[in-house]
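The values are calculated or read from the model by the stated rules, or taken from the named source; none is laboratory data. A quick note: this is a predicted structure, and the numbers were derived from the prediction, not measured. Glycine gets a Cβ as well: all are built from the backbone with ideal geometry, and neighbour counts include every protein chain shown.
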Amino acid sequence: GIQKSQTSSKNVQNPEFPGGENAYMKFLSDNIKYPVIAQENGIQGFIDAVFNIDTKGKVTFVKFNRSVDPSLDKEVKRVIELMPDWIPGKFNGAATSITSGASFVFRLQGDGVDEYKGPTPSNAIVVVGYGSSKK
């Protein structure tokens with residue numbers, strides 16, 4: 001048979017949010033807010049952010065792979081920086097700094113609002129706001 005090499009993935013232990021994946025998703029959902037200014041201006045879209053979890057489990061914002069508007073970006077960055085310390089990732093048993101990411105979809109609903117037609121990845125946190133129709 002063919003031997004598959006399993007060097008890299010076996011030696012890497014991913015960082016873990018306290019309480020695991022469900023707690024992580026709940027934390028993001030509970031803390032993210034749709035900025036009022038973005039709702040008033042009909043701004044919606046998909047944001048993909050990158051953050052780093054250092055050897056102590058501290059989270060620092062790194063960058064946006066995809067951003068929409070300064071008001072939404074600022075809110076995503078705020079929530080990332082609000083996260084509690086993670087259990088640090090490990091490489092070959094030693095704590096190591098690992099980059100992770102979070103995706104958010106800001107979507108408006110209500111009368112006179114353009115329907116959101118952008119991407120909605122399955123792992124994204126969907127934030128629903130209520131647009132005001134400008135009459």
Identify, please: which residue in the stretch 102-125 is under 11 Å from the mean Cα position of the chain (by Cα) and at pLDDT 95 or above and is, among those, nearest to Val59 (Cα to Cα)? Ala102
Would you point out which residue out of Val50, Val128 is closer than 26 Å to Ala23 by Cβ, under 12 Å from the mean Cα position of the chain (by Cα) and surrounded by fewer than 17 Cβ atoms within 10 Å (Cβ to Cβ)? Val50
Only strands (runs of 3 or more DSSP E) wholly contained in the stretch 57-98 count here; list those with 3 or more residues that are surrounded by 14 or more Cβ atoms within 10 Å (Cβ to Cβ) and modelled with pLDDT of 95 or more. 59-66
Name the residues in the stretch 63-89 that are among the aromatic types (Phe, Trp, Tyr) and closer than 12 Å to Phe17 by Cα, would you? Trp86
Residues (touching a Pro at 6+ places or on another chain (Cβ under 9 Å) and farther than 17 Å from Ala124 by Cα) located in the stretch 59-73: Val59, Asp69, Ser71
Which residue is surrounded by the most Cβ atoms within 10 Å (Cβ to Cβ), if the candidates are limited to the stretch 28-47 and must be free of Cβ contacts under 8 Å to residues at least 60 places away in the same chain and hydrophobic (A, V, I, L, M, F, W, C)? Ile47
